[in-house]
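Asks: Below you will find the structure I want to go over with you.
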């Protein structure tokens, strides 16, 4: 049975009325019109887990992880702390953390 034959025979085989008529497609559309539409997904302004403001507020519009995920751990962390230094409370602390990761990367490379 093809689709046209199914729809042609549906009302004959199922004489009981259903909401929206005997057509299952119409029934589905009728049912859905009483449901509320899902809320559109929006990014919250500051979600400390998925969207921390100090990671996404850079003037370039680029999120830090888009750059650092292509680097090694120490270099990526150093860039992260430099990136957000002026976007958080204590820029000096973030710059010191960046220096710590850079020193660690230098020490690792000097051993090689």
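Asks: It is to be established whether one or more residues within the stretch 17-36 are at pLDDT 60 or above and not in a loop (DSSP other than H, G, I, E, B).
Replies: So in the stretch 17-36, the residues at pLDDT 60 or above come out as none.
No, that holds for no residue.
Asks: Looking at the stretch 77-110 only, could you name the residues that are buried (at least 17 other Cβ atoms within 10 Å of the Cβ) and under 18 Å from residue 50 (Cα atoms)?
Replies: 77, 80, 81, 83, 84, 87 - these are the residues of the stretch 77-110 that are buried (at least 17 other Cβ atoms within 10 Å of the Cβ) and under 18 Å from residue 50 (Cα atoms).
Asks: In the stretch 41-54, is there at least one residue being modelled with pLDDT of 55 or more and in contact with a helix residue (DSSP H, G or I) (Cβ under 7 Å, 6 or more places away or on another chain)?
Replies: Yes, that holds for at least one residue.
Asks: Before we move on, is residue 61 farther than 17 Å from residue 94 by Cβ and either modelled with pLDDT of 75 or more or part of a helix (DSSP H, G or I) (or both)? Steps first, please.
Replies: Numbers: farther than 17 Å from residue 94 by Cβ: yes; either modelled with pLDDT of 75 or more or part of a helix (DSSP H, G or I) (or both): yes.
Judged against the criteria, residue 61 is a match.
The values are calculated or read from the model by the stated rules, or taken from the named source; none is laboratory data. As the structure is a computational prediction, the values presented were derived from the model and not from experiment. Every residue, glycine among them, receives a Cβ derived from its backbone with ideal geometry; neighbour counts consider all protein chains shown.
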